[in-house]
1. Residues that are basic (Lys, Arg) and either farther than 21 Å from VAL188 by Cα or touching a helix residue (DSSP H, G or I) at 6+ places or on another chain (Cβ under 7 Å) (or both): find the strands (runs of 3 or more DSSP E) completely inside the range 1-72 holding 1 or more of those.
2. Any residue in the range 86-99 that is assigned to a loop (DSSP other than H, G, I, E, B), touching a strand residue (DSSP E or B) at 6+ places or on another chain (Cβ under 9 Å), surrounded by fewer than 17 Cβ atoms within 10 Å (Cβ to Cβ) and among the charged types (D, E, K, R)?
3. Can you find even one residue in the range 134-147 that is in a helix (DSSP H, G or I) and among the acidic types (Asp, Glu)?
4. I need every pair where a residue in the range 48-61 that is closer than 19 Å to PHE4 by Cα has its Cβ under 6 Å from the Cβ of a residue that is of a type in the set (A, V, I, L, M, F, W, C) and part of a helix (DSSP H, G or I), sequence separation at least 6 or different chains.
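Please treat every number below as a calculation from the coordinates, not as lab data. What you see is a predicted model, and the numbers here were worked out from it, not measured in a lab. When we count neighbours, we look across all protein chains shown, and the Cβ atoms used for this are built from the backbone with ideal geometry, even at glycine.
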Amino acid sequence: MPSFDDAAKEIAVIGGRFYSRGWVLGTSGNFSAVVARDPLRLAITASAAHKGHLVAEDIIEIAGSGRVLAGERRPSAETLLHLEVIKATGAGAVLHTHSVWGTILSDVHAPAGALTIEGFEMLKGLAGVTTHEHRERIPIVGNDQDMTRLAAEIHQVLESQPSAHAFLIHRHGLYTWGRTLADAERHVEILEFLFETLARHNQQSSPAR
């Protein structure tokens, strides 16, 4: 488990990489990593931090209740969602992106309640997946500015679908996680690749207007 200082530095580097890929433009997205389990403590991006200019000083330490342990900056507005994912899955890191492709697919597949992906070799990059024949179901939950209510919905989703590697928030973005920051970063890369592949394929397959 990383120290807070090490996690802050790694999160800042990930922010720059994701920004360069167009996955967290402006102040969108938020990232966290567990730095202690008992009691739970997280390193998490501060609210309104620009991911293209993210530095270690933009990462703050919070308790498992969401309380800031040092400094005056506020944590991400979606802190409760990170805490819910960590408590439900035992993850060591949670990463949230706002890509174009993920946002489009979250809208297209919202009526079905999930985006299902199967038959792609890249699925083997997800933890525990060993074949391209794997069928990954990514739940889509409605967006909500009430974080307590949204966290409760995510709790229900993760409880009912414990094998999920991620979920999408409608017209908002992707949440995924992993045992470590490196694992969570890999999941983002895998899923964002698949989102772009599916969305581009769907565009080409749509009849001309």
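1. By residue number, 30-37, 40-45.
2. No, the range 86-99 contains no residue that is assigned to a loop (DSSP other than H, G, I, E, B), touching a strand residue (DSSP E or B) at 6+ places or on another chain (Cβ under 9 Å), surrounded by fewer than 17 Cβ atoms within 10 Å (Cβ to Cβ) and among the charged types (D, E, K, R).
3. no
4. From residues that are closer than 19 Å to PHE4 by Cα, the pairs are LEU54/ALA12; VAL55/ALA12; ALA56/ALA8; ALA56/ALA12; ILE59/ALA8; ILE59/ILE11; GLU61/PHE4.
Condition check ((1) free of Cβ contacts under 8 Å to residues at least 24 places away in the same chain; (2) under 18 Å from ARG17 (Cβ atoms)) across all residues:
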residue: HIS98; (1), (2): no, yes
residue: ALA114; (1), (2): no, no
residue: ILE117; (1), (2): no, no
residue: PHE120; (1), (2): no, no
residue: GLN156; (1), (2): yes, no
residue: HIS165; (1), (2): no, no
residue: PHE193; (1), (2): no, yes
